[in-house]
Structures are given as structure tokens and as C-alpha cells.
Amino acid sequence: MNFIDPNNTFQVGMLASIIAGLLTGVGALPIFLTKNISNKMLDTLLGFAAGVMLAATSFSLIIPSIEFGGGGAKAALITAIGILVGGVFLDITDKYSPHVHLLDKREEGRDSSLAKIWLFIIAITIHNFPEGLAVGVGFGNNDIKNGLTLALGIGLQNMPEGLAVALALVSEKYKPSKAFFIALLTGLVEPIGGLLGLWLVRIFEPILPFILAFAAGAMLFVISDEIIPETHRGGHERAATYGILIGFVVMMFLDVTLG
């Protein structure tokens, strides 16, 4: 008895979103073996994550948005508007939600008395939600191959993020088991975004190009505002840049061969 119909876009999309989210926990597993992961290595891994996200945004969201829009200037304009709206939406969400960054503990947003642990959870929720949304809309137009490729890319970039979260929590004197659980929990926000994305493309299929571009803009904002600056704060810009290049190439190869 099959619990998942491989031809059912909704079922496959939800399963892909859940697996991509779980890979955040997989990335945090090394916390049980060692706490001595160098900042340079972590910055390189986060750079790799940014590169994967950039390629996934380009090949699995922006290009399909233009293609589904019929090509030409009109399609490009719709995609451009969607990207900008998605970026502004994330900017507003980021600005008015109290949280701290992954590695440097800088508080942003309105004053808050929330415990640090909940600030971390809010930070990763903001970070991961658009990624889950992107996975969901990646299955737009019943394109299972494109959706699976995008989910694989998001899952790959979730792993170094999970490690970064776990290490940051351990540095705040949390037990490895608790740090792992919290990293895993933050990854499970993505299926919620995935569900919303799947719902959006089903209900609003006529505006699928805009929805794809919106998800792309949200991801671009996260990459530029959160991930890349984090990798450059410790003086390891060159290593992080090579991480971005490698991540981009890996995701490009996956998109071409699997998409």
C-alpha cells in the first residue's frame, strides 16, 4: 500500500518540504561529535549554502517565472515586480520581528523581553519560511521534477545552517541534545511555508509567474541580508566566496541533470 502517490503534486511537494526541513537537523548532528568546528569552516559552509540558494533562485524560480509568463518584456516585468515585492515583504517582516542573528547575537526590531532561545527561533523562522515557500511554489504547474530539484537544493543549504544554529546555541551553554532539537525544530518551519506555497499555486494558478518571482525575491533578500554578511564578519571573505561559487555550481549541475 502506497501512502504517497508519486504523481500527486501536493503529496510529493509536502513530503519534499518535510525532508528538506529535516535536513536542518541532519546538519546539526556533528554537534554530538565535536564543538571545535573552526569559524573559517563554518563561514565556508554557509557560503556554500548561499551559493546553492542563489542557483536555486535563478534556475528553479526566476527562469520558470519568465517561462510560465510567456516570455518577452511583459513576463520579465511581472517577474521583476514579484522579486521586488517578495524582497520588500521579507524586509518588513525582518524589521518588525524581534530576533537575533545566527552568529553575532545582535538584537533587531522592537524591544523584546523574549528569552534568547525564542529570539533564535524567530530568527530562523524568518530565515526558513521563504525557503519552504519556494519549495512549495516550485511544484507549480505540476512540475514535480523542478520542485524536487529545488527541494534538494534547499535541503543541502539547510545542513550548514543547522550546524551554525547548533554551534551558536552550544556557545550559549545549551546542551548538545537541546541545541540539536532546536535546530531540527527550526527546520520544520519549512513544511509550513511549503504548504502555503502549494496552496498558492493551486488557488492562484493564473498568477503563478508572480508567485514564483515573489518566492525568489524573498530568498534573494535572505541571501543578501542574512547569510552573506554572516560569512564576512569573521574575516574569512575569500573562503566564503569560494564556498558560494562551489555551492552555485553544484546546484546548477543538479538543476540541469535532474530538472
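Key figures
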| item | result |
| --- | --- |
| Restricting the stretch 235-251 to residues that are small (Gly, Ala, Ser) and surrounded by 15 or more Cβ atoms within 10 Å (Cβ to Cβ), the residue that is nearest to Ser60 (Cα to Cα) | Gly247 |
| Some residue of the stretch 30-50 being over 29 Å from Ala166 (Cβ atoms) and polar (S, T, N, Q) | no |
| In the stretch 180-211, the residues that are among the aromatic types (Phe, Trp, Tyr), open to solvent by less than 70 Å² (accessible area, probe 1.4 Å) and within 21 Å of Pro64 (Cα to Cα) | Phe210 |
| Filtered residues of the stretch 144-163 (kept if open to solvent by less than 10 Å² (accessible area, probe 1.4 Å), at pLDDT below 85 and of a type in the set (S, T, N, Q)) | Gln157 |
| Candidate set from the stretch 237-259 (those that are of a type in the set (Gly, Ala, Ser) and closer than 19 Å to Val135 by Cα); member that is modelled with the lowest pLDDT | Gly259 |
| Yes/no for Ile227 being out of contact with any helix residue (DSSP H, G or I) (no Cβ under 9 Å at 6 or more places or on another chain) and at pLDDT below 85 | no |
| The lone exception for Thr149 - which of (1) closer than 30 Å to Leu33 by Cα; (2) touching an Asp or Glu at 6+ places or on another chain (Cβ under 8 Å) it fails | (1) |
| First in the stretch 218-234 and within 23 Å of Ser60 (Cβ to Cβ), second anywhere and among the β-branched types (Val, Ile, Thr) and open to solvent by 50 Å² or more (accessible area, probe 1.4 Å), Cβ under 9 Å, 6 or more apart | Phe221/Val88; Thr231/Thr241 |
| Neighbours by Cβ (under 6 Å, 6+ apart or cross-chain): first from the stretch 183-198, closer than 10 Å to Ala134 by Cα; second of a type in the set (Ser, Thr, Tyr) and in a helix (DSSP H, G or I) | Glu190/Ser17; Gly194/Ser17 |
| Evaluation of Leu195 against (1) within 16 Å of the chain's Cα centre (by Cα); (2) within 13 Å of Ala49 (Cβ to Cβ); (3) not small (Gly, Ala, Ser) (one fails), failing number | (2) |
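Yes/no per residue for (1) over 14 Å from the mean Cα position of the chain (by Cα); (2) under 25 Å from Leu200 (Cβ atoms); (3) modelled with pLDDT of 85 or more; (4) not hydrophobic (A, V, I, L, M, F, W, C):
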position	(1), (2), (3), (4)
Ser17	no, yes, yes, yes
Asp43	yes, no, yes, yes
Ser58	no, yes, yes, yes
Ala75	yes, yes, yes, no
Gly82	yes, yes, yes, yes
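The values are calculated or read from the model by the stated rules, or taken from the named source; none is laboratory data. None of these values were measured; they are calculated from a predicted model. A quick note on method: Cβ atoms are made from the backbone with ideal geometry, for glycine too, and the neighbour counts reach across all protein chains shown. We work out accessible area using only protein heavy atoms, side chains counted, and drop any ligands, DNA or RNA first. Shrake-Rupley method; radii C 1.70, N 1.55, O 1.52, S 1.80 Å.
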